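A short reminder: the numbers here are calculations on the coordinates, not readings from a lab. Quick caveat: nothing in here was measured; it's all calculated off a predicted structure.
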Amino acid sequence: MPIQTHKFESTIRYAIPNRFELRFNLVSNHQFTALYGPSGAGKTTILKLIAGWLESKTTVSLFGSRLDLDESGRVLALSDRRVGMVFQEDLLFPHLDVLKNARFAINFAKRENRMDATKFELLVRNFGIDQLLGRQVSNLSGGERQRVGLVRALAAKPKLLLCDEPVCAIDRAGRAEVLGHLKRWAETEQIVMIMVTHDHDEIRRFAGHVWHIDAGCLVAEGSPESVLNK
């Protein structure tokens, strides 16, 4: 069942040395939100802040509950936040084959968060990497590597998935297919997603809400059409 109420909120407070300061609130009531803007605007840094990869005063809430703190107010370890991240560069482990890369998060997940074998097989088929499992990642194309990176992130069963241009290395026809699978999987598994992209077609196909970032400022937000038409 699709999520009935989508609520993400993050208070961003972070100074990028020798560039600018990020200081704004991001709010979305949609399951799928696009982060849009020119290169160097601060989009990737924002994803890292939300994921907790950078030390800052950033706060992150999903459905009214903090993802960065436990119930007693203590800061959670990154592994306990259930936040997945997919970079434009896939960052696969070069010493592991495709299967071991894809299963990496499953092997270290808590039992209650571990994806079962049947669902993992479905995930692998949906993203078209079932014929690649025995190969070394050094022998994959850029598009194949991105598919493996998406499977690895989804296999961790995140509550929030952050994607930085996750299909940019895939051909145009393949992008639409992968984004379709990504949205359907997220709807079924109730994953909220934030995706960085420069592609207007991808934004219209993917997002219900858009944040437009420029030089560290939130310059516009709203529906895809209202933001892109500006």
Report summary line: Mean separation of Cα contacts under 8 Å (at least 6 apart) over the residue count of segment 90-167, i.e. the relative contact order in percent, is 46
Query raised in the report: Top mean-square fluctuation among 182, 69, 161, Gaussian network model of the chain, C-alpha springs under 10 Å?
Result: 69
Query raised in the report: Using alpha carbons only, how many degrees (0 to 90, rounded to 10) separate the axis of helix 142-155 from the longest principal axis of the chain?
Result: 80
Query raised in the report: Which residue fluctuates the most in the chain, going by a Gaussian network model with Cα springs under 10 Å, if the choices are 19, 82, 147?
Result: 19
Query - Which label in (i) 63, 31, 28; (ii) 45, 44, 40; (iii) 50, 45, 32 gives the computed Cα extents along the principal axes in Å - result: (ii)
Report summary line: Relative contact order in percent for segment 15-141 (Cα pairs under 8 Å, 6+ apart) equals 16
Query raised in the report: From the Cα gyration tensor of segment 5-94, with a ≥ b ≥ c the square roots of its eigenvalues, which class applies: rounded if a/c is under 1.5, or else prolate if a/b is larger than b/c, or else oblate?
Result: rounded
Query - Relative contact order of the chain, defined on C-alpha pairs under 8 angstrom at six or more residues apart (%) - result: 29
Report summary line: Taking the chain and counting helices only, DSSP H stretches of n ≥ 4 at -39,500 (n - 2.57) each over all residues, the nearest-500 ellipticity at 222 nm comes to -9000 deg cm²/dmol
Query raised in the report: Under a GNM of the chain (C-alpha, springs under 10 Å), which listed residue has the highest mean-square fluctuation: 100, 157, 110?
Result: 110
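Any of 119/183; 57/230; 7/100; 100/183; 100/159; 43/119 with alpha carbons more than 28 Å apart? Name them for me. Numbers along the way, then the final one.
Working: 119/183 16 Å; 57/230 31 Å; 7/100 34 Å; 100/183 24 Å; 100/159 22 Å; 43/119 32 Å.
Long pairs (Cα-Cα over 28 Å): 57/230; 7/100; 43/119.
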